[in-house]
Amino acid sequence: SLSNNLGWTLTERGDFQGALESFQIALLAREEQGDARSIQIAKYAVGHALRKLGKVSQALELQETLQREIEASGHFDGYVLEEIAECMHLLGDERAARYFSRAHAQLIQDTWLCENEPARLARILDLSDSASA
């Protein structure tokens, strides 16, 4: 938990390399613990840092693999969908709008996000294919 929290603090400060290193340490720890959901969250954070470092293709590959894993377990994760959409958007992939729509449909249900990051949700909606419908 400490490495994960440090990673997000470093992300907020713009130290994406430091964040990546912290998230990678957190991922190793989560893998040792063996809790599948905690491992997924740690992988998401690594992918987020990779995107912030400009390693967009690598981040997209990680997030898409993670999405397939999550969906195979019968769940969905709006944050992972958002990361996929952000990567696709940066790469000029026309599928980005569809992923932004899927992310928005999930994230609009997150009370904390709605209360604390309404501009983020508005941006996701603006970039979605729902915005052009």
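List of remarks:
- Portion, in percent, of the accessible area of the chain that falls on carbon or sulfur, probe 1.4 Å: 51
- Value at 222 nm in deg cm²/dmol, rounded to 500, when DSSP H runs of n ≥ 4 in the chain each add -39,500 (n - 2.57): -25000 deg cm²/dmol
- Overall Cα dimensions of the chain, principal axis frame, Å, largest first: 45, 33, 31
- Reference-scaled alpha-carbon Rg (2.2 N^0.38 Å with N residues) for region 78-131: 1.02
- When the residues Ile124, Ile39 are ordered by accessible surface, computed with a 1.4 Å probe over the protein chains alone, the sequence from largest down reads Ile39, Ile124.
- Taking all protein chains into account, the per residue accessible area for the chain stands at 56 Å² (1.4 Å probe).
The values are calculated or read from the model by the stated rules, or taken from the named source; none is laboratory data. These figures come from a predicted structure and were not determined experimentally. The area values use the complete protein model at the heavy-atom level, side chains included, leaving out ligands, DNA and RNA. Shrake-Rupley method; radii C 1.70, N 1.55, O 1.52, S 1.80 Å.
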